[in-house]
Amino acid sequence: MTICDRPSPSTWTRWRRAAPLALLLGCLWLLPQPAPAQQVQSIAAIVNDQVISGFDVEQRISLAIVSSRLRDTPETRRRIRGQVLRNLIDETLQLQEAQRTGIKVSDQEVERAFRSLEQQNRMPAGGLTQFLESNGIAKQTLERQVSTEIAWTRLIGRRIAPTVTIGDDEIDETLARLKGNADAELARVAEIFLPVDSPNEEPEVEATAARLVQQLRGGADFGAMARQFSRGATASGGGDIGWVQAGQLADRLDRALDGLQPGDITDPVRSTGGFYILGLVDRRKPGRTDPMQVTLALKQLLAKAPVEPEVKQAMLRTGAAIAADTQGCDALDAAAKRLAETAQVVDLGQIKLGEMPEAIRAAVADLEAGQLSQPLEIGGNVILLAVCDKEAPEVEAPSREKVAEQMHRQRATLLAHRYLRDLRRAAVVELR
């Protein structure tokens, strides 16, 4: 799949590569429509005397559309505008509180976050800024989001996390429950969380969650949608909860996953604090390694694909013959000349399956050391991939330390939601 292929509703692999501050990039043909002048010059909201302009809202809408692979239509913009504005209000409150408590985020920290995003998306230095500008999005739009995320995370780490205590009896109870479900299938789960702070908000939040589900099932990228709309602790990681056992999530969330197949998305689930949207990424038997953590040492045989269709097909047939009768990475140099005079062998090093582009992962996931993939045509090139080595990490049972860490993170997240809720209640917010 190239960067401009339209994803199917069951395409989940892109968000698996997400890391903190991950931004899954969309296609350049998703150019945002220019906002009307009156919207750009207008005031959308005033939060404790700080203005959120119409331009701020339109820019963030464009960022959400491009990164989530939504279709840029007036209807899409209308539907997500309310949630985008709510997120901007929350971010304004978070940044104001961080600044009030003396927390500052330097330009260097934001630039490091940008470099990290570029590395995660295999972009050259400056590529992210160029991408934003080519889609009509000011660099400051993403800088604001990144800066707020860093500041709020630091604030929670200082003021909330140290107050959380987990008792030994709570850890023992959780370990016992996990041990009782040790033979149950594990599920890889992603989440989008929308909080409900008061009963009168519930209908609006539920309607927003329903719209997000509709967009996700229509092909929107889950990881990017989580990054833009989720208010949970996993948002910066694309909503990835990781592998969970039965009984590890709240009862309603556990039941919502029953019967789902990988790629399926739940309806909005009302649970503690608000509405959840869950995506089932994968299932595996207990005791088996997470396939996305398998590491392959790869070499690549690459040749320029001919323009003429019949010549290209002949090259692909030659590549298939090479894959069938060639064993081992050491034989690639000799095989290169069979494919084309200009063919090259490139050592790709060690890569985890979860970090590979979808087309590459599909080609090598089932290969053993010494085997070659079928020929692929990618970016105007014909390539074959050879697996030089394959290593799967050992399966570890949940340790007491990991269980305590997860429980601590969950409780700190709940307290952070309450903290932000109290900031909303105390704030003076004027919508225009």
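The values are calculated or read from the model by the stated rules, or taken from the named source; none is laboratory data. All figures in this text were calculated on a predicted structure; none of them were measured in a lab. So basically every Cβ, Gly included, is an ideal-geometry build from the backbone, and we count neighbours across all protein chains shown. Ligands, DNA and RNA are stripped out before the accessible areas are found, and what is left, the full protein with its side chains, is counted by its heavy atoms. Shrake-Rupley method; radii C 1.70, N 1.55, O 1.52, S 1.80 Å.
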**OP:** Just name one of P286, G349, I383: the one whose Cα is farthest towards the positive end of the charge dipole of the range 266-401 (beta-carbon charges, Lys/Arg +1, Asp/Glu -1).
**Re:** P286
Original post:
Hey, what do the phi angles of the range 104-114 turn into as Karplus ³J(HN,Hα) couplings, whole Hz, using 6.51/-1.76/1.60 and θ = phi - 60°, x for Gly and Pro?
Top reply: 10, 10, 7, 4, 5, 5, 5, 5, 5, 5, 4
Original post:
Peptides 408-417, 124-133: what's the order by average Cβ count within 10 Å, highest mean first?
Top reply: 408-417, 124-133
Original post:
Taking only pairs that are 8 or more places apart or on different chains, how many Lys pairs in the chain have Cα atoms under 18 angstrom apart?
Top reply: 9
**OP:** Note the angle between two axes, namely the Cα long axis of helix 74-100 and the longest principal axis of the Cα atoms of the chain, as a number of degrees from 0 to 90, rounded to the nearest 10.
**Re:** 70
Subject >> Solvent-accessible surface ranking, highest first, for D90, D282 at 1.4 angstrom >> reply: D282, D90
Original post:
Hey, any idea what % of the chain's accessible area is carbon plus sulfur with a 1.4 Å probe?
Top reply: 51
**OP:** Taking amide H positions as placed in the peptide plane 1.01 Å from N, state which residues far from I43 in sequence (5 or more) or on other chains have amide H under 5 Å from it.
**Re:** G54
Subject >> the chain: most fluctuating residue of N121, N200, N48 per GNM, C-alpha cutoff 10 Å >> reply: N200
Original post:
Once the other residues with Cβ under 13 Å from the Cβ of A426 are scored (Lys, Arg +1; Asp, Glu -1), what is the net sum?
Top reply: +2
Original post:
Mind listing the phi-derived Karplus ³J(HN,Hα) values for the range 150-158, rounded to whole Hz, using 6.51, -1.76 and 1.60 with θ = phi - 60°, and x for any glycine or proline?
Top reply: 4, 5, 5, 4, 5, 5, 5, x, 8
**OP:** Could you work out how far the C-alpha centroid of the range 97-164 sits from that of the range 226-251, in angstrom?
**Re:** 20
Original post:
How large is the accessible surface per residue of the chain, computed with a 1.4 Å probe and reported in Å² as a whole number?
Top reply: 48
**OP:** Towards the positive end of the charge dipole of the chain, with charges on Cβ (+1 Lys, Arg; -1 Asp, Glu), say which of A320, S147, F55 has the farthest Cα.
**Re:** F55
Subject >> Theoretical FRET efficiency, 1/(1+(r/R0)^6), r = Cβ-Cβ of R115 and I351, R0 30 Å, to 0.05 >> reply: 0.90
Subject >> Length-normalised contact order of the range 264-401 in % [C-alpha pairs under 8 Å, at least 6 apart] >> reply: 34
**OP:** Provide the gained length on full extension for the span A314 to D333, in nm with one decimal, where the gain is 0.36 nm per separating residue minus the Cα-Cα distance.
**Re:** 4.8 nm
Original post:
What is the packing order of peptides 167-178, 144-155, 241-252, 266-277, taking the mean over residues of other C-beta atoms within 10 Å and listing the highest first?
Top reply: 144-155, 266-277, 241-252, 167-178
Original post:
Residues with amide H under 5 Å of F275's amide H, sequence separation 5 or more or different chain, H placed in the peptide plane at 1.01 Å from N; which?
Top reply: L194, V196
Original post:
If you take the charge dipole of the range 78-237 about its Cα centre, with +1 on Lys and Arg Cβ and -1 on Asp and Glu Cβ, which of V205, Q215, L178 is farthest toward its positive end?
Top reply: Q215
**OP:** Would you please give the residues with an amide H less than 5 Å from that of G242, counting only those at least 5 places away or on a separate chain, with H modeled from the backbone geometry?
**Re:** V189
**OP:** Tell me the label-point distance for the pair R252, A324, using the 7 Å Cα-to-Cβ offset, in nm and rounded to one decimal.
**Re:** 5.7
Subject >> the chain, relative contact order [Cα under 8 Å, separation at least 6], % >> reply: 20
**OP:** Under 1.5 on a/c is rounded, so check that first for the range 176-244, then, if it is not, pick prolate when a/b is larger than b/c and oblate when it is not; a ≥ b ≥ c are the square roots of the alpha carbon gyration tensor eigenvalues.
**Re:** prolate
Original post:
With +1 on each Lys and Arg Cβ and -1 on each Asp and Glu Cβ, how big is the dipole of the range 61-178 about its Cα centre, in debye rounded to the nearest 20?
Top reply: 640
**OP:** Work out from phi, with θ = phi - 60° and the Karplus expression 6.51 cos²θ - 1.76 cosθ + 1.60, the ³J(HN,Hα) of each residue of the range 410-416, listed in order in whole Hz, and give x for Gly and Pro.
**Re:** 4, 5, 5, 5, 4, 5, 5
Original post:
Under a point-charge model restricted to the Cβ atoms of Lys and Arg (+1) and Asp and Glu (-1), what is the dipole moment magnitude of the chain relative to its Cα centre, in debye to the nearest 20?
Top reply: 780
Original post:
Using the Cα gyration tensor of the range 361-432, with a ≥ b ≥ c the square roots of its eigenvalues, what is the shape: rounded (a/c below 1.5), prolate (a/b larger than b/c) or oblate (neither)?
Top reply: oblate
Subject >> With all protein chains modelled, accessible area of C388 [1.4 Å, Å²] >> reply: 50
**OP:** Please work out how much length the chain gains when fully extended from Q261 to D107, using 0.36 nm per residue of separation minus the C-alpha to C-alpha distance, in nm with one decimal.
**Re:** 51.1 nm
**OP:** Just add up the charged neighbours of I61: K/R +1, D/E -1, any other residue whose Cβ is under 11 Å from the Cβ of I61.
**Re:** +2
**OP:** For every other residue with a beta carbon closer than 12 angstrom to the beta carbon of L194, add +1 if it is Lys or Arg and -1 if Asp or Glu, then tell me the sum.
**Re:** -3
